[in-house]
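A.B. asks: Here it is: the structure, laid out below.
The values are calculated or read from the model by the stated rules, or taken from the named source; none is laboratory data. Since this is a predicted model, take the numbers as computed values, not measurements. Positions of Cβ are generated from backbone atoms using ideal geometry, with glycine treated the same way; all protein chains shown enter the neighbour counts.
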Amino acid sequence: MKNKKVYLAIDLGAESGRAITGWIEEKRLKIEEIHRFPTYKVQIGKHFFWDAPAIFTEIKKTLSTIGKQEISGIGVTTWGVDYAFIDKHGILMSLPFHYRDSRTESAMPEVFKKVEKQRIFRETGIQFMPINTLYQIYATNKHSPWMLKSADKMLFMPDLFNYWLCGATVNEFTIASTSQMLNLEKKKFKPRGDWTYGILRKLGIPTRFLVDVIPPGKKLGTLSKDIQEETKTGKIPVFSVCCHDTASAVFAVPAKGKNWAYLSSGTWSLLGKEIDAPIINDDVLSFNFTNEGGYGGKIRFLKNIMGLWIWQECRRQWEEEQNKQFSYIELGELASKEKPFYSLIDVNHPDFFFPGNMIEKIRKFCKSTNQKIPETPGQISRVILESLALEYKLYVGRLESIAGQIDVLHIVGGGSQNKVLSGFAASATKKDILCGPVEATSIGNIGVQMIADKTIKNHDEFRQVVRNSFPLIEYHPENPEDWNQPYEKYLKLKKMSESFI
């Protein structure tokens, strides 16, 4: 990597983090993973938190590994909605709550009694989920009001790590847009951000801790002297990238033309299209789509689907309770050998949202809907993957009805390696699918840095570089008519489970 401009992406996901370097060589992007680690979660009493200091220790380990190697930039991406408070001395006030913490279970209906649901949607364009920052902040204000009274600044997770790296106290646009506290109707970045001050005041939530909102692609500063001394690194620039991991993944989609959609597949499945302006109307509200920020002022119009979370929890349970260690490849192979459409679950049902005893939750759902009870890891895996594919079918159709024709679906992220699910998705949706790149979030992170540093000219050029650099695996519909009857059954199950939105 000598004499090349090398950029470092810190990509923090809900399960694990990775540090990946990237550079241009012979007009292709080369990447190298240099560190992988868990994104530490901790349960204290009934509450779930992110162990942010432990995660930051892993980031510093990465920097120590790099040492004096010349690095041209660092960017940090994380999941959305979660945040931390720092006080007037710049000290972290508490471990950040995990978005699956149960304190928000009753927050949404309480908020709607004080502020019309339609008003919140009209101003923010964001889908309604109990994990949204708005409901987290509301719950914190209800149960621990001292935190909001003492907070000097609120930083989303990547913004917190950027602050610890270089001292910048700003919120980046793509991550802030996930909060349901940012007004997307206004196009310009204002000095304190387009926060929904009126809604927050009506909810009794202080606003003095809200900070400036900046677009991706800005230099925030360089590593602080303390970090340089501790990690033996130099004055490495820190960039605001598309700090929301899905925004970075979408930035890296190797798409051509207009009629394409993306599915960022991991713990969550984010299904959507890249558009020029928010779509805010009754259909979007009814179907619970969302308008999140993207690069260059674009909007990521998408639907949040539970994703591989349910499968991940089952795998963890088999390992912890039965001492059965399965790789996802092994589970996929077991699923492929099972009888098709044995049973189905509504993957977006609230029962599957919170952790704990996921296998029993699946069986309970099947029993309550008068279906066969899956028993083996193969049966349970197939139930999850087929149900996910049917959920994709539902929302690909709704996405087309609102945002226009889809000719090809690009699947990026770790879930793009799941051959069984990708095949199911092609057949269920009746769409051609292109899978890859796997490390889309890190690649997008690096791409934004390269453009900000003038190593790459623009977004179009970067997408061409991605197309040249990474193989894409194609899937085409096979016997799509076999999915018609199960789809009708799936729709009935969703109506029965009262999550048909």
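This table checks each residue for (1) of a type in the set (Lys, Arg); (2) more than 25 Å from Asp432 (Cβ to Cβ); (3) surrounded by fewer than 16 Cβ atoms within 10 Å (Cβ to Cβ).
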| site | (1), (2), (3) |
| --- | --- |
| Lys258 | yes, no, yes |
| Trp268 | no, no, no |
| Glu292 | no, yes, no |
| Gly297 | no, yes, yes |
| Lys324 | yes, yes, yes |
| Leu344 | no, no, no |
| Arg363 | yes, yes, no |
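A.B. asks: Let me ask something else about it. Condition test on Glu172, is it among the charged types (D, E, K, R), at pLDDT 95 or above and surrounded by 21 or more Cβ atoms within 10 Å (Cβ to Cβ)?
C.D. replies: Against the criterion (among the charged types (D, E, K, R), at pLDDT 95 or above and surrounded by 21 or more Cβ atoms within 10 Å (Cβ to Cβ)), Glu172 qualifies.
A.B. asks: Count, please, the residues in the stretch 382-439 that happen to be farther than 19 Å from Lys258 by Cα, among the β-branched types (Val, Ile, Thr) and surrounded by 21 or more Cβ atoms within 10 Å (Cβ to Cβ).
C.D. replies: Qualifying residue count for the region: 2.
A.B. asks: Okay, next question. Quick check on Thr233: is it touching a residue at least 60 places away in the same chain (Cβ under 8 Å), outside any helix (DSSP H, G or I) and among the polar types (S, T, N, Q)?
C.D. replies: yes
A.B. asks: Determine which single condition Trp146 fails, assuming it passes every other condition in (1) buried (at least 19 other Cβ atoms within 10 Å of the Cβ); (2) of a type in the set (A, V, I, L, M, F, W, C); (3) free of Cβ contacts under 8 Å to residues at least 60 places away in the same chain.
C.D. replies: Going through (1) buried (at least 19 other Cβ atoms within 10 Å of the Cβ); (2) of a type in the set (A, V, I, L, M, F, W, C); (3) free of Cβ contacts under 8 Å to residues at least 60 places away in the same chain one by one, Trp146 breaks only (1).
A.B. asks: Starting from the stretch 431-448, take each residue that is at positive phi and list its partners that are among the aromatic types (Phe, Trp, Tyr), counting only C-beta distances under 8 angstrom and pairs at least six apart or across chains.
C.D. replies: Hits for this filter: Gly436/Phe470.
A.B. asks: Which residues, taken from the stretch 158-186, are over 25 Å from Pro130 (Cα atoms) and among the aromatic types (Phe, Trp, Tyr)?
C.D. replies: Tyr163, Trp164
A.B. asks: Among the residues of the stretch 98-119, write down those that are within 19 Å of Val81 (Cα to Cα), among the basic types (Lys, Arg) and modelled with pLDDT of 95 or more.
C.D. replies: If the condition is that a residue be within 19 Å of Val81 (Cα to Cα), among the basic types (Lys, Arg) and modelled with pLDDT of 95 or more, then Lys117 is the only one that fits.
A.B. asks: Continuing with the same structure: Would you confirm, using the coordinates I've provided, whether Lys372 is closer than 30 Å to Ala335 by Cα, surrounded by fewer than 20 Cβ atoms within 10 Å (Cβ to Cβ) and touching a helix residue (DSSP H, G or I) at 6+ places or on another chain (Cβ under 6 Å)?
C.D. replies: Here the answer is no, as Lys372 does not meet what is asked.
A.B. asks: Please indicate, with yes or no, whether at least one residue in the stretch 1-23 is among the aliphatic types (A, V, I, L, M), within 22 Å of Val465 (Cα to Cα) and surrounded by fewer than 22 Cβ atoms within 10 Å (Cβ to Cβ).
C.D. replies: Yes: the stretch 1-23 contains one or more residues that are among the aliphatic types (A, V, I, L, M), within 22 Å of Val465 (Cα to Cα) and surrounded by fewer than 22 Cβ atoms within 10 Å (Cβ to Cβ).
A.B. asks: Confirm whether Gly272 is closer than 30 Å to Lys492 by Cα, modelled with pLDDT of 95 or more and surrounded by 23 or more Cβ atoms within 10 Å (Cβ to Cβ).
C.D. replies: Here the answer is yes, as Gly272 does meet what is asked.
A.B. asks: Give Arg463, Arg467 a once-over and let me know the one that is within 22 Å of Gly73 (Cβ to Cβ), in contact (Cβ under 8 Å) with a residue 12 or more places away in the chain and part of a helix (DSSP H, G or I).
C.D. replies: Criteria check complete, one pass: Arg463.
A.B. asks: List, please: which pairs have Cβ atoms under 6 Å, are six or more places apart or on different chains, and start with a residue in the stretch 316-339 that is at pLDDT below 95 and in a loop (DSSP other than H, G, I, E, B) and end with one that is surrounded by 10 or more Cβ atoms within 10 Å (Cβ to Cβ) and charged (D, E, K, R)?
C.D. replies: Listed pairs, sorted by first residue: Gln325/Glu319.
A.B. asks: Turning to a different aspect of this structure: Could you tell me how many of the residues in the stretch 461-482 are farther than 30 Å from Glu26 by Cβ and touching a Lys or Arg at 6+ places or on another chain (Cβ under 7 Å)?
C.D. replies: 2
A.B. asks: Which of the residues spanning the stretch 20-67 are in a strand (DSSP E or B) and among the aromatic types (Phe, Trp, Tyr)?
C.D. replies: Of everything in the stretch 20-67, those that are in a strand (DSSP E or B) and among the aromatic types (Phe, Trp, Tyr) turn out to be Trp23, Phe37, Phe48, Phe49, Trp50.
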